[in-house]
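I have placed the structure first, in the form of structure tokens, so that the comments after it can refer back to it.
The values are calculated or read from the model by the stated rules, or taken from the named source; none is laboratory data. Because the structure is predicted, anything quoted here is derived from the model rather than measured. Ideal geometry is used to build each Cβ from the backbone, glycine not excepted, and the neighbour counts take in all protein chains shown. What goes into the accessible areas is simple: the full protein's heavy atoms, side chains included, and nothing from ligands, DNA or RNA. Shrake-Rupley method; radii C 1.70, N 1.55, O 1.52, S 1.80 Å.
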Amino acid sequence: MAPEPFSSPAQYLADRKALIDEVLNRFLPPCDTYPPIIYEAVRYSLFAGGKRIRPILCLAAAEATGKTAGGDLSAILQAACALEMIHTYSLIHDDLPALDNDDYRRGIPTSHKRFGEDIAILAGDALLTEAFKLLSDPGLSSSAKPEIRLEVINIIARAAGIGGMISGQVMDMKAEALKPEPNLVYFIHQKKTAELIQASVHTGAILAGAPAEELLALLKYGGKIGLCFQIADDILNAAGDEALLGKAAGSDLARGKATFPAVFGLEESRRIAETLVREAIESLGAFDCQAEPLRGIASFILTRKS
Ligand code: GRG
């Protein structure tokens, strides 16, 4: 089934989220697969109501190239779902008692609160590994050439791995004992959040066959909104509505986390985030209306309430 055409950012996000949910559901075995507890735990976190920003960005970047219209989206959807699995794994592990020790995520008890720490660790491990199974499974989609598929695996592994999200998470924890300062907070946000978001855009672009100049512009866009996404997350944690967030607000300050509001204050953090959104949209200057979803997502990142 072809995705709905773009009408508004809100409609686009809702349509693409429904599409991602449907495909994720198809990729995952049902809850009564043996041993059921781990399938249930994986589905519990994956279908807890996440916004699906990373997979949607993967689709939107592919669509921006204009090369997907009427084409086979299966490899792009496969990669998009893998990105959401990696993101969900990172949230499950981030919430563990040994890391952030959070009780609520996406408005419901965290995985370890619901299933115990042992199963939560394994659910995260399962999602990370399943993501790479999905990315490397040629049986599911033959529409991407093997060398492009390998490049995608490498891009995502670098963003999620030791030099990417893991380093960001390590410094996020270690920084609680350090003085928050600009270089540190830029490093954490770049690694912890921005690189996977940029990799989502990158993945969609190369699977769609974006030419070099478009790819560069899309990478610039992805880097800017990736950083902006974490700054917006910091601002929501400092000044957002707990009921809308579905998790505790104010926790970053209480823990002494290195955040943009802690380093720059709320007002300057908002200004930096606005500049990043503007620059992200400017980097799409050479694209036509097919990049409208990407422009809309950039603005949504700043106005979102959860
Ligand atoms: C390996 C033990 C172990 C832990 C890894 C890598 C890691 C833990 C954590 C990643 C760091 C992390 C959780 C960054 C936060 C990024 C972020 C802004 C998350 C919220 O993303 P949204 O708003 O969430 O897209 P939804 O719920 O909408 O999907």
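Each principal axis of the Cα cloud of the stretch 93-248 was taken in turn, and the coordinate range along them, longest first, works out to 43, 37, 29 Å. Note on the chain: along the principal axes its Cα atoms extend 50, 50, 33 Å, ordered by decreasing extent. Kirkwood radius for the stretch 36-131, taken over all pairs of different Cα atoms as the inverse mean of 1/r, rounds to 14.1 Å. Each 5 Å bin, from zero up to the one with the longest distance, holds this percent of the alpha carbon pairs of the stretch 2-57: 4, 18, 24, 21, 13, 10, 6, 3, 1.
Given all pairs of different Cα atoms, what value in angstroms does the Kirkwood hydrodynamic radius of the stretch 192-287 take? After inverting the mean inverse Cα-Cα distance, the result is 14.5 Å. Normalising the average separation of contacting C-alpha pairs (under 8 angstrom, six or more residues apart) by the number of residues puts the relative contact order of the chain at 21 percent. Taking all protein chains as shown and a probe of 1.4 angstrom, residue 153 keeps an accessible surface of around 40 Å². Label point of residue 254 set 7 angstrom out along Cα-Cβ; within the stretch 148-182, no amide nitrogen lies under 14 Å from it. Given Cα positions, please report Rg to Rh for the stretch 157-243, the hydrodynamic radius being the Kirkwood one. A ratio of 1.05.
How much net charge surrounds residue 16 when only other residues with a Cβ under 10 Å from its Cβ are counted (Lys, Arg +1; Asp, Glu -1)? Charge balance near residue 16 sits at -2.
Annotation: for a label point projected 7 angstrom from Cα along Cα→Cβ of residue 2, no residues of the stretch 38-56 have a backbone N closer than 16 Å. Fully extending the segment from residue 177 to residue 272, taken as 0.36 nm per residue of separation minus the present Cα-Cα distance, adds 31.7 nm.
Assuming charge only on the beta carbon of Lys and Arg (+1) and of Asp and Glu (-1), the dipole of the stretch 134-209 about its Cα centre is about 60 debye to the nearest 20. When peptides 44-50, 279-285, 216-222, 28-34 are ranked by their average number of other Cβ atoms within 10 Å per residue, the highest-first order is 216-222, 44-50, 279-285, 28-34. For the stretch 113-160, the alpha carbon convex hull comes to 82 Å³ per residue, rounded to a whole number. Accessible surface ranking for 260, 300, 1.4 angstrom probe, highest first: 300, 260. When the solvent-accessible area of the stretch 190-306 is split by element, carbon and sulfur atoms take up 54 percent of it, the probe being 1.4 Å. About its Cα centre, the chain has a charge dipole of approximately 140 debye under the convention of +1 per Lys or Arg Cβ and -1 per Asp or Glu Cβ, with nothing else charged. For the chain, the residue among 226, 273, 116 whose Cα projects farthest onto the positive side of the dipole built from Cβ charges is 273.
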